[in-house]
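Chemist: Can you read through this structure? Questions will come right after.
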2 protein chains.
Amino acid sequence: MAQTVPQAKPGWKTIQVGRLHEFVRRALLRCGVSEVDAGQVADVLTASDLRGVESHGVARLEGFYVDNILSGMIDPKASPTVVRETATSLALDANNGLGHPAGVKAMTRTIEKALESSVCLTTVRNSNHYGIAAYYSMMALEHGLIGISSTNSMRWAAPTFGKIPLNGTSPISVAIPAKDEEPFVLDMATTTVALGKLEIAKRKGEPLRTGWAIDIDGNPTNDPDEGMKGSILPLGGFGTENGGHKGYGLGLLVDILCGVLAGGHFGSQHPAKTEWRKPRDVGHFFGAFRIDGFRALDEFRATMDRELRRFKESKPEEGQTRVYVAGEPEFEKARRHGRDGVTLDPVVCASLESVAKKLEIEPPAWSV
Amino acid sequence: MAQTVPQAKPGWKTIQVGRLHEFVRRALLRCGVSEVDAGQVADVLTASDLRGVESHGVARLEGFYVDNILSGMIDPKASPTVVRETATSLALDANNGLGHPAGVKAMTRTIEKALESSVCLTTVRNSNHYGIAAYYSMMALEHGLIGISSTNSMRWAAPTFGKIPLNGTSPISVAIPAKDEEPFVLDMATTTVALGKLEIAKRKGEPLRTGWAIDIDGNPTNDPDEGMKGSILPLGGFGTENGGHKGYGLGLLVDILCGVLAGGHFGSQHPAKTEWRKPRDVGHFFGAFRIDGFRALDEFRATMDRELRRFKESKPEEGQTRVYVAGEPEFEKARRHGRDGVTLDPVVCASLESVAKKLEIEPPAWSV
């Protein structure tokens, strides 16, 4: 199959993933983050860009992490402490540190404990934005475990029949190993879309699709500005007729596990969308469990291949060429970006240059 | 608040829940089901009608259970056996018995094991349709545990970009205790709607809402007949623009846990919608976990009340009077139906009378 060579677009720049990683690491070291933690943040952010989830990668380095460390909102030296622990459960306090190292440490312990006790569930409170949920669930894969990851966040989404945002985009990720096929990796916001889609529509001057957002009075809107002032809608859209109450239910479930169970902020305690600099007290929920508690791992892996192939080889509808399974598009992008580098849009490039200037470090080593 | 007195509609009949339970129990005893198992099936079916989920209650007694026992498709005397067991996991084989007793027995053991080991996950293979998912997740509530329940089923739903049904409605239920508030009880199909909504539209001669179904070529359709010949759509609807791939991902997740992990049928192995009498090998997935692994149960319950109230007391959009939380409408219906009895539509009444005739037992003791 012919590969697309990345085209130079005005203002866009390409960078090899290793170099992007190195830039993120250096920036965080300069902010007072430890060697280990800076490496973990760089791992998660570059994994996001590698997988094509540009919204959650280095695009957020400046606004979500560097600026919040410099302003004192996030403690760059904090390390998670254990609140409660049993053989199969763990409750951590991230002590207002960066979300990524807290997530990596929490999931590492979750995996160790699951390997020992078949299953482990873990909460983290008092944390910050942790990037893509799938990074952590996927950590379980190399151990032949099923991994779970979820987080709450700022509130953007209104409940069904409501008009005040009380939920975040509340992502849920589950990663399940296969044998020769790529693993199943679900990583989904429980809202119809994330905020980024509204921003893109606004930039392009396009209307929002019906079901994405409501205005401040709770009426469906196709106007990006009205939607951004109002709320995004749960998966299933407006009202209950297309199942909006299901997406809302999933979002509330995430907030209960990550907020109420973890012992952090929940519901209206989360910062509203005008409160970017309010401390977050973000909570995460992780899980891992052994497959051989139910059937032999080899047998499971082989059966997973058959299951995934049945979907992938299923007949596409008119106008489509393939049926995908969860995670497949991201694995394809990761292979391409690993080889060709990551191409970042002008806004993100400028933001990274701004980080370099702010922290007086070398700018990113762009390829193009 | 004034209560609505049930109105007599032509052909509709009302019955007290205890009497409905007794009828179901007698019917199943007559089919060769044991006292204990018949009671458990009656518990689950009447709980469904009590909660207002008419589609999953006694409406299915004849077609899903009695007829399939009489034809030899379901073994009325089967009892689940243990395939694998650890302190925190359990894999059962239902031996082609009824799904409800298998589910009740599986969830009972899941709860016992979770109380001992903090958490337990359980699979069941070679089972049959188990009714409402929430019945089993809610069993955890009285023990102060969080309960999980899920099942696969016949295939009705096409994957995103696909046109062949490969997934069931794949419900997920999670039940979480509160203190003075009713518990949070999510019980949702991972499709936009269940098949029942298409049937209702057809009976009423109304078009389907966009996002409910596709025809046999994979094109969106508003025609109930075309939709019923085609496939129902995952939560999020057609394509990816409103998040249809998320509902599809959740549906596939359910099929992996209940089919691949449990060791039963999965994907295209499930009977298609023309294959009502093909043995099902339905799989279930259950879970329960202790809250005090993360924080004190009393503290959690009180915080749950605050979380749920923040949503319930949130400002409704124009034209709505309230914001609900998951499970709330069902608890309200259960209180009303417990007091006033359950009112069944003419088709269901005729089906129960037909069961009585077929099995030569007394018909249901209708109130009206």
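The values are calculated or read from the model by the stated rules, or taken from the named source; none is laboratory data. This is a predicted model, so every value here is computed, not measured. Reconstructed Cβ throughout: ideal geometry from the backbone, glycine too, with neighbour counts over all protein chains shown.
Chemist: Which one of B:289, B:294 is in contact (Cβ under 8 Å) with a residue 40 or more places away in the chain and under 30 Å from residue B:117 (Cβ atoms)?
Modeler: Just one listed residue meets the conditions, B:289.
Chemist: Being crowded, with 23+ Cβ neighbours inside 10 Å and either outside the structural domain of residue A:280 (by TED's automatic domain parsing) or under 20 Å from residue A:75 (Cα atoms) (or both) is the filter here; which residues of the range A:105-137 pass it?
Modeler: A:106, A:123, A:124, A:125, A:126, A:127, A:128, A:130, A:131
Chemist: When you scan the range A:205-225, how many residues do you find that are more than 9 Å from chain B (Cβ to nearest Cβ) and not in a loop (DSSP other than H, G, I, E, B)?
Modeler: 4
Chemist: Additional query: Examine the range A:203-224 for a residue that is of a type in the set (Asp, Glu) and touching a Ser or Thr at 6+ places or on another chain (Cβ under 7 Å), and state whether such a residue exists.
Modeler: Checking the range A:203-224: at least one residue is of a type in the set (Asp, Glu) and touching a Ser or Thr at 6+ places or on another chain (Cβ under 7 Å).
Chemist: Among the listed residues A:237, A:168, which satisfies the condition of being on the phi < 0 side of the Ramachandran plot, of a type in the set (Gly, Ala, Ser) and assigned by TED's automatic domain parsing to the domain that holds residue A:289?
Modeler: Unique residue meeting the criteria: A:168.
Chemist: Here is a further query. Can you name the residue in the range A:151-168 that is buried (at least 24 other Cβ atoms within 10 Å of the Cβ) and more than 9 Å from chain B (Cβ to nearest Cβ) and, of all such residues, is farthest from residue A:102 (Cα to Cα)?
Modeler: A:157
Chemist: Follow-up. Check off (1) buried (at least 24 other Cβ atoms within 10 Å of the Cβ); (2) aliphatic (A, V, I, L, M); (3) at the interface with another protein chain (Cβ under 8 Å from one of its Cβ atoms) for residue B:140 and give me the number that stays unchecked.
Modeler: In the conditions (1) buried (at least 24 other Cβ atoms within 10 Å of the Cβ); (2) aliphatic (A, V, I, L, M); (3) at the interface with another protein chain (Cβ under 8 Å from one of its Cβ atoms), residue B:140 misses (3) alone.
Chemist: Please go through the range B:254-313 and give me each residue that is within 7 Å of another protein chain (Cβ to nearest Cβ) and of a type in the set (Ser, Thr, Tyr), ordered by number.
Modeler: The answer is B:268, B:303.
Chemist: Going residue by residue through the range B:20-28, is there one that turns out to be of a type in the set (Lys, Arg), more than 14 Å from chain A (Cβ to nearest Cβ) and either under 17 Å from the mean Cα position of the chain (by Cα) or part of a loop (DSSP other than H, G, I, E, B) (or both)?
Modeler: Scanning the range B:20-28 turns up no residue that is of a type in the set (Lys, Arg), more than 14 Å from chain A (Cβ to nearest Cβ) and either under 17 Å from the mean Cα position of the chain (by Cα) or part of a loop (DSSP other than H, G, I, E, B) (or both).
Chemist: Another question, then. Collect the residues in the range B:35-52 that are touching a residue at least 60 places away in the same chain (Cβ under 8 Å) and either under 20 Å from residue B:72 (Cα atoms) or surrounded by fewer than 21 Cβ atoms within 10 Å (Cβ to Cβ) (or both), keeping them in residue-number order.
Modeler: Those that are touching a residue at least 60 places away in the same chain (Cβ under 8 Å) and either under 20 Å from residue B:72 (Cα atoms) or surrounded by fewer than 21 Cβ atoms within 10 Å (Cβ to Cβ) (or both): B:36, B:37, B:41, B:43, B:52.
Chemist: Next question, about the same structure. Read through the list (1) free of Cβ contacts under 8 Å to residues at least 40 places away in the same chain; (2) surrounded by 15 or more Cβ atoms within 10 Å (Cβ to Cβ), then give the number of the only condition that residue A:280 fails.
Modeler: (1)
Chemist: State all residues of the range B:326-355 that are among the acidic types (Asp, Glu), at pLDDT 95 or above and surrounded by fewer than 16 Cβ atoms within 10 Å (Cβ to Cβ); if no residue qualifies, say none.
Modeler: Once the filter is applied, which keeps residues that are among the acidic types (Asp, Glu), at pLDDT 95 or above and surrounded by fewer than 16 Cβ atoms within 10 Å (Cβ to Cβ), the range B:326-355 yields B:332, B:353.
Chemist: Another one. For residue B:180, are the conditions met, namely being farther than 21 Å from residue B:282 by Cβ, among the charged types (D, E, K, R), in contact with an Asp or Glu (Cβ under 8 Å, 6 or more places away or on another chain) and away from chain A (no Cβ under 11 Å)?
Modeler: Considered against the rule, which asks whether it is farther than 21 Å from residue B:282 by Cβ, among the charged types (D, E, K, R), in contact with an Asp or Glu (Cβ under 8 Å, 6 or more places away or on another chain) and away from chain A (no Cβ under 11 Å), residue B:180 comes out as yes.
Chemist: While we're looking at this one, here's another question. Just name the residue that is nearest to residue B:252 (Cα to Cα) out of those in the range B:183-192 that are in a loop (DSSP other than H, G, I, E, B) and within 9 Å of another protein chain (Cβ to nearest Cβ).
Modeler: B:190
Chemist: Sticking with this structure for a sec: Taking the range B:314-323, which residues are at the interface with chain A (Cβ under 7 Å from one of its Cβ atoms) and of a type outside the set (D, E, K, R)?
Modeler: Within the range B:314-323, B:314, B:316, B:320, B:323 meet the criteria.
Chemist: Please find, within the range B:249-271, the residue that is surrounded by the fewest Cβ atoms within 10 Å (Cβ to Cβ) out of those that are closer than 27 Å to residue A:327 by Cβ and out of contact with any helix residue (DSSP H, G or I) (no Cβ under 9 Å at 6 or more places or on another chain).
Modeler: B:253
Chemist: For the range A:129-152, indicate whether the set of residues that are in contact with a Lys or Arg (Cβ under 9 Å, 6 or more places away or on another chain), outside any helix (DSSP H, G or I), over 21 Å from residue A:183 (Cβ atoms) and small (Gly, Ala, Ser) is non-empty.
Modeler: No, that holds for no residue.
Chemist: For the range B:213-232, give me the residue count where each residue is in contact (Cβ under 8 Å) with a residue 24 or more places away in the chain and closer than 28 Å to residue A:190 by Cβ.
Modeler: Residues flagged as in contact (Cβ under 8 Å) with a residue 24 or more places away in the chain and closer than 28 Å to residue A:190 by Cβ within the range B:213-232 amount to 6.
Chemist: Here is a list of conditions, (1) touching an Asp or Glu at 6+ places or on another chain (Cβ under 8 Å); (2) farther than 27 Å from residue B:172 by Cα; (3) within 13 Å of another protein chain (Cβ to nearest Cβ), and residue A:342 meets all of them except one; can you say which number that is?
Modeler: (3)
Chemist: Taking the criterion of being touching a Ser or Thr at 6+ places or on another chain (Cβ under 7 Å), surrounded by fewer than 23 Cβ atoms within 10 Å (Cβ to Cβ) and within 11 Å of chain B (Cβ to nearest Cβ), would at least one residue in the range A:193-202 satisfy it?
Modeler: yes
Chemist: Hey, could you check the range B:119-137 for residues that are of a type outside the set (Phe, Trp, Tyr) and more than 14 Å from every other protein chain (Cβ to nearest Cβ) and say which is nearest to residue B:329 (Cα to Cα)?
Modeler: Result: B:132.
Chemist: Given the residues A:197, A:202, A:179, which is the only one that is assigned to a loop (DSSP other than H, G, I, E, B) and touching a residue at least 12 places away in the same chain (Cβ under 8 Å)?
Modeler: A:179
Chemist: Name the one entry in A:275, A:332, A:318 that is part of a loop (DSSP other than H, G, I, E, B), free of Cβ contacts under 8 Å to residues at least 60 places away in the same chain, out of contact with any Leu (no Cβ under 7 Å at 6 or more places or on another chain) and among the charged types (D, E, K, R).
Modeler: A:318
Chemist: Identify all residues within the range B:70-99 that are closer than 10 Å to residue B:124 by Cα and surrounded by fewer than 17 Cβ atoms within 10 Å (Cβ to Cβ); write none if there are none.
Modeler: Residues satisfying the conditions are B:81, B:82, B:95.
Chemist: Looking only at the range B:296-308, decide whether some residue is part of a loop (DSSP other than H, G, I, E, B) and β-branched (Val, Ile, Thr).
Modeler: So far as the range B:296-308 goes, no, none of its residues is part of a loop (DSSP other than H, G, I, E, B) and β-branched (Val, Ile, Thr).
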